[in-house]
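Step one of this worksheet: look at the structure below.
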Amino acid sequence: MAIYIELLVFAYIVDIASSGTIFRAQDADDDNEVSSYDFPFVTRSMWHARPPKEKNPLQTPVPYVVIHHSYSPPACYDAVTCRQAMRSMQNFHMDSRGWWDIGYNFAVGSDGAAYEGRGWTVLGAHALHFNNVSIGICLIGDWSYLVPPSNQLKSAKALINVGVELGFIKSDYKLIGHRQVRETECPGDALFNEIQTWDHWSSFPASYKDLDKIDLTGSQNKS
């Protein structure tokens with residue numbers, strides 16, 4: 001009987017996450033006190049995240065949002081595979097790279113749901129030398145040649161807006177791609193071209209070579 005009830009609950013959650021229905025998630029076990037969103041949102045406990053080995057606080061509000069793609073795992077289009085993708089990334093980051101947790105603060109799947117990674121208040125491990133001034137958002141998939149589905153892009157933008165509304169991201173934040181602060185092809189050519197059309201995209205820093213012109217608060221040096 002217990003197994004049957006659990007399956008019913010799981011089916012209900014999957015249906016909500018895949019339908020785009022307003023979903024308000026609150027989990028007393030999670031560090032983020034408020035988890036109220038007008039788009040599908042999946043907490044750490046819902047995708048069965050492992051507990052972090054350690055964690056450091058992130059000083060908020062941050063002045064930057066860094067957009068990534070996962071490259072691998074590939075794009076996921078339903079709740080089951082997206083949750084598997086989150087666990088896969090966390091296992092890789094913790095077991096292969098030796099990090100304390102999944103590197104990203106959040107991820108967004110092609111199912112249109114946002115997935116809690118380290119969250120708003122924990123220092124990420126997604127952009128070396130830039131983690132302490134940014135929130136890192138990964139769009140799950142390889143977006144080198146194709147632009148992510150519209151629902152994935154919409155939820156990523158909505159997630160950023162929530163971060164601003166809740167005071168975790170500065171209202172005058174700068175949006176950049178991972179390649180602008182690290183020698184990498186991330187977030188893929190197609191996605192990088194796409195985010196250049198978004199509000200708040202900044203051409204500075206142009207590459208990791210500009211990092212010495214930015215202080216720890218994210219402001220440009222005046223020298």
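The values are calculated or read from the model by the stated rules, or taken from the named source; none is laboratory data. The shown structure was predicted, so the numbers you read here are calculated from the model rather than taken from an experiment. When we count neighbours, we look across all protein chains shown, and the Cβ atoms used for this are built from the backbone with ideal geometry, even at glycine. Ligands, DNA and RNA are stripped out before the accessible areas are found, and what is left, the full protein with its side chains, is counted by its heavy atoms. Shrake-Rupley method; radii C 1.70, N 1.55, O 1.52, S 1.80 Å.
If you take the residues in the stretch 170-190 that are touching a Ser or Thr at 6+ places or on another chain (Cβ under 7 Å) and under 15 Å from Ile160 (Cβ atoms), which one is surrounded by the most Cβ atoms within 10 Å (Cβ to Cβ)? In this case the residue turns out to be Ile176. A search for C-beta distances below 9 Å between a residue of the stretch 45-58 that is on the phi > 0 side of the Ramachandran plot and any residue that is open to solvent by less than 30 Å² (accessible area, probe 1.4 Å) and of a type outside the set (A, V, I, L, M, F, W, C), counting only pairs 6+ apart in sequence or on different chains, returns His48/Arg83. Listed by first and then second residue, the pairs linking a residue in the stretch 109-137 that is open to solvent by 20 Å² or more (accessible area, probe 1.4 Å) to a residue that is part of a strand (DSSP E or B), with Cβ atoms under 7 Å apart and 6 or more places separating them unless they lie on different chains, are Thr121/Pro57; Leu123/Pro57. Test Leu146 against the criterion of being part of a loop (DSSP other than H, G, I, E, B) and modelled with pLDDT under 95, and give yes or no. Here the answer is no, as Leu146 does not meet what is asked. There is at least one residue in the stretch 73-81 that is under 21 Å from Leu139 (Cβ atoms), touching a residue at least 40 places away in the same chain (Cβ under 8 Å) and of a type in the set (Val, Ile, Thr).
Of the residues that sit in the stretch 138-154 and are open to solvent by less than 10 Å² (accessible area, probe 1.4 Å) and of a type in the set (A, V, I, L, M), which one is nearest to Tyr71 (Cα to Cα)? Applying the filter and picking the extreme gives Ile140. Could you check the stretch 157-204 and list, in sequence order, the residues that are part of a helix (DSSP H, G or I), touching a helix residue (DSSP H, G or I) at 6+ places or on another chain (Cβ under 9 Å) and closer than 19 Å to Arg118 by Cα? Correct list: His178 only.
Of the residues making up the stretch 205-223, those that are at pLDDT 75 or above and either over 18 Å from Arg182 (Cβ atoms) or assigned to a loop (DSSP other than H, G, I, E, B) (or both) are Pro205, Ala206, Ser207. Condition (residue is in a helix (DSSP H, G or I), at pLDDT 95 or above and within 10 Å of the chain's Cα centre (by Cα)) applied to the stretch 86-99: is it met by at least one residue? No.
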